[in-house]
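Below: the structure, in structure tokens.
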Amino acid sequence: MPSLIDLSIHELHDILSRREVSAVEVTRAYLDRIGEVDPKIRAYLIVTADKALTQAEEADSRLKKADNITPLTGIPLGIKDVICTRGIKTTCGSKILENFVPPYNATVMEKLEAHGAVMLGKLNMDEFAMGSSTENSAYHPTHNPWDLERIPGGSSGGSAASVAARACAGSLGSDTGGSIRQPASYCGVVGLKPTYGTVSRFGLVAFASSLDQIGPLSRDVTDCALLLNVISGHDTRDSTSVPKDVPDYTGSLRPGLKNYTLGIPMEYFIPGLDPEVEKAVKHAVSALESQGAEVVEVSLPHTEYAVATYYIIAPAEASSNLSRYDGVKYGLRAPDYKNLMDMYKKTRSQGFGPEVKRRIMIGTYSLSAGYYDAYYKKASQVRTLITRDFKKAFEKCDVIAAPVAPTTAFRLGEKADDPLQMYLSDIFTIPVNLAGIPGISVPCGLNSSGLPIGLQLMAGHFEETKLLTVAYNLELALGRCKNWPLDCYC
Ligand code: GLN
């Protein structure tokens, strides 16, 4: 028998608006589910049960009066702990923000609240979103619901694992170099990184400001479009937010890809790509062809420089952004110190984990006088070349299809001591952030060990509707996942 937690957001919306079930009942079902599975997957840093039930009661009174109901009214969601939530701890997976309670909401939280969505809690992540496995959380790792010995991906590992385990109906994550798409791929859920400037970054704790974007993770493409509709839009509190009307993303989901050209970049099918991933991706491309798309080969010649470029630019911006954690205004302050310098040193030494320290050191070095031209300036120039590659490729096609990551989810601890191997796993997701274009991961099958594989789709700036249409058609061709992990009754 399917239970409430097995329904997608749009299915839940139908029964909530017909008042066949109350938002409080749905929220209780999710809180029970969290109680049942979260001790195994550890996706949540905190569960805000009281707040969730209060919000659900408010949603019920809106639903009762049929007043101001939207597709998210009464829908229980999880939020990555990098997004500021007024009155609720926002740790960013770091000890330095262990007791930080934001006095304000991120713009995306205000939008969700205005729609009557319910927040179940804050989700685990790599410290300051730096990582690809969620093992860099200062609190605990998160486990992949498909195989508890494996990582869920990162840095939005909690956001992906909780959706896959049906411990929330959908979630928000953030993506600087792949942190929504890679965990979505490893956990078999849909995850979208919007065009830079589409979703306000106000209240998103900054990692690398020229790359960071908030985006949705969901069970299917329709839910992804619904969430994107709500969180997008111009915001004067983020100077990089683009003043553009929000298209109706759900309205654009139509069967058939007759006028679509799909580009396949040869640089994404390289040695090191797991043959099972390659097979699933190629099968997905044929499925899209059967929906009417024309397939052409495209070239993104500077792909091989993307990892090196990103690992200069992102740490450079991070070293600047993270200078605010000095023990003065908020967050941790080391208890014993001799003077101001000593206080800074001890606070930052005790508060940051090893990966964050490594990034601060790389970033500070590459920005320092004498090295700036060789590193940061050079990386910025290569970034322009990568952006131009995409512009050129999109003259030949509407959407590019490729793998999300070279492999499926790896084992906990497998890459934890080898930062270079960890960085290399971001090779296919990073170029999208450097160019500022949108990218989505859509489930496209399981490997022989039953681990999910994602297809990555990329489009030109502000072409999310194209991206979602192709993703929707893949779902139609392959069928929505019927086989969720951790006992499913769908
Ligand atoms: N894995 C990448 C990193 O460690 C990307 C992280 C992200 O997108 N937040 O920087």
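At-a-glance table
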| quantity | calculated |
| --- | --- |
| Principal axis box of the stretch 1-100, alpha-carbon based, largest edge first, Å | 46, 32, 20 |
| Mean residue ellipticity (222 nm) of the chain, computed from DSSP H runs ≥ 4 via -39,500 (n - 2.57), nearest 500 | -11500 deg cm²/dmol |
| Ascending count of other beta-carbon atoms within 10 Å, so fewest first, for 240, 176 | 240, 176 |
| Amide H contacts of residue 123 (H built 1.01 Å from N, under 5 Å, at least 5 apart or other chain) | 45, 79, 80, 81 |
| Integer Hz, Karplus 6.51/-1.76/1.60 couplings in order for the stretch 83-96, x for Gly and Pro | 9, 5, 10, 4, x, 10, 3, 10, 9, 6, x, 10, 5, 5 |
| Rg(Cα)/(2.2 N^0.38 Å) for the stretch 215-272, N = residue count | 1.57 |
| Gyration tensor (alpha-carbon) shape descriptor, the stretch 40-96, a/c threshold 1.5 | prolate |
| Gained length - residue 297 relative to residue 385, 0.36 nm times residue gap less alpha-carbon distance | 29.8 nm |
| Shape category assigned to the stretch 358-488 from the gyration tensor of Cα positions, a/c cut at 1.5 | oblate |
| Cα gyration tensor category, rounded, prolate or oblate, for the stretch 116-168 with a/c compared to 1.5 | oblate |
| Amide H partners (placed H, <5 Å) of residue 133, local residues excluded | 154 |
| Size of the chain as Cα extents on the principal axes (Å, biggest first) | 64, 53, 45 |
| Hz values of 3J(HN,Hα) by residue in the stretch 423-431 - Karplus curve (6.51, -1.76, 1.60), Gly and Pro given as x | 5, 5, 5, 8, 3, 8, 9, 4, x |
| Distance between the stretch 166-240 and the stretch 57-113 - C-alpha centres, whole angstrom | 15 Å |
| Farthest toward positive dipole pole in the chain [+1 Lys/Arg, -1 Asp/Glu at C-beta], among 262, 165, 176 | 176 |
| Of 89/338; 193/244; 89/244; 111/193; 282/396; 40/80, pairs whose Cα-Cα distance is over 22 Å | 89/338; 89/244 |
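The numbers here are math on the coordinates, done by the rules we state, and not lab data. Nothing here was measured: the structure is a model prediction, and the numbers come from that model. Ideal geometry is used to build each Cβ from the backbone, glycine not excepted, and the neighbour counts take in all protein chains shown.
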